[in-house]
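Data first, discussion second: the structure below is written as structure tokens.
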Amino acid sequence: MRTLIHTSTVLLLALLSLAVGAAAQENAQGDGVRRITPAEVRAALEKGEAVIVDVRGPGAYEEGHIKGARSMPTDQLLSRIGELPRYKMIITYCS
């Protein structure tokens with residue numbers, strides 16, 4: 001079981017690396033982050049194809065966040081990656 005979890009985690013991280021690399025080629029900003037419009041976010045959420053993750057700290061999240069967003073500060077992403085759905089777009093925001 002431990003080997004399966006480890007292998008799954010390594011595979012997920014490898015796939016994330018590939019996705020970031022592919023997004024970097026499309027990204028005019030040059031930072032490897034794919035940007036989407038609010039309309040694209042809304043459409044993906046309405047179709048159940050995405051989740052929103054607020055990567056700010058707990059204080060900022062408590063002050064206000066996008067309705068339905070999950071709080072997952074950047075320093076917790078790797079340790080909590082298993083909480084994210086595998087077959088949905090993960091939309092993150094920090095401001």
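Whenever a residue of the stretch 28-54 is free of Cβ contacts under 8 Å to residues at least 24 places away in the same chain, its partners that are among the small types (Gly, Ala, Ser) and surrounded by 10 or more Cβ atoms within 10 Å (Cβ to Cβ), lying with C-beta atoms within less than 7 angstrom and at least six residues away or across chains, give the pairs 32/23; 32/24; 33/23; 34/23. Name every residue in the stretch 55-87 that is free of Cβ contacts under 8 Å to residues at least 12 places away in the same chain, part of a loop (DSSP other than H, G, I, E, B) and basic (Lys, Arg), in order of residue number. 67, the sole residue that qualifies. If you scan the stretch 32-54, which residues turn out to be open to solvent by 70 Å² or more (accessible area, probe 1.4 Å), assigned to a helix (DSSP H, G or I) and more than 18 Å from residue 70 (Cα to Cα)? Correct list: 40 only.
The values are calculated or read from the model by the stated rules, or taken from the named source; none is laboratory data. Worth saying up front: this structure is predicted, and the values here are computed from it rather than measured. Cβ coordinates were reconstructed from backbone atoms using ideal geometry, including for glycine residues, and neighbour counts include every protein chain displayed. Surface accessibility is based on the protein's heavy atoms, side chains included, excluding ligands, DNA and RNA. Shrake-Rupley method; radii C 1.70, N 1.55, O 1.52, S 1.80 Å.
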